Amino acid sequence: MKKLALLLTVMMVSVSISFAQAPPPRIINIDVIIGNKPPNPNEAQLMRAEEANHPNIVNAMHDIEKSMHSLHNAPDDFGGHKAQAESDLKQAWISLRKALYFRLYQDTH
């Protein structure tokens, strides 16, 4: 009887281990975060989930994108300040993306 109980226990443990799956990696490449590389399907799914959870950050990013577009189309360089403002807006956009997706990547910078 003890052998049968031991055998059943070993079988249950082995079945449990065989069905256990590692969770999908939650690491996203920093190039995806800063917009230099498109996300793969798994990354895109993880990113959409974060975006759904943080709509205020997403809205702020859209506002910055609109501002960058408007500034880029401005007719003058404003003594070099336009280029600085464009650079600052781009950095703000990257910072917001890092904030939004911080759980999905490891910041090594």
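Miscellaneous remarks
- For region 51-109, a residue qualifies if it is free of Cβ contacts under 8 Å to residues at least 12 places away in the same chain and of a type in the set (F, W, Y), and the qualifying residues are F78, F102.
- Number of positions in region 62-104 that are surrounded by 12 or more Cβ atoms within 10 Å (Cβ to Cβ) and at positive phi: 1
- Of the residues making up region 50-61, those that are surrounded by 12 or more Cβ atoms within 10 Å (Cβ to Cβ) and assigned to a helix (DSSP H, G or I) are E50, E51, I57, V58, A60, M61.
- Complete set of residues in region 1-48 that are assigned to a helix (DSSP H, G or I), surrounded by 10 or more Cβ atoms within 10 Å (Cβ to Cβ) and at pLDDT 85 or above: I30, D31, V32, I33, N42, E43, A44, Q45, L46, M47, R48
- D63 vs. criteria of a type outside the set (G, A, S) and modelled with pLDDT under 90: no
The values are calculated or read from the model by the stated rules, or taken from the named source; none is laboratory data. Nothing here was measured: the structure is a model prediction, and the numbers come from that model. Please note: Cβ atoms are built from the backbone with ideal geometry, for glycine as well, and neighbour counts cover all protein chains shown.
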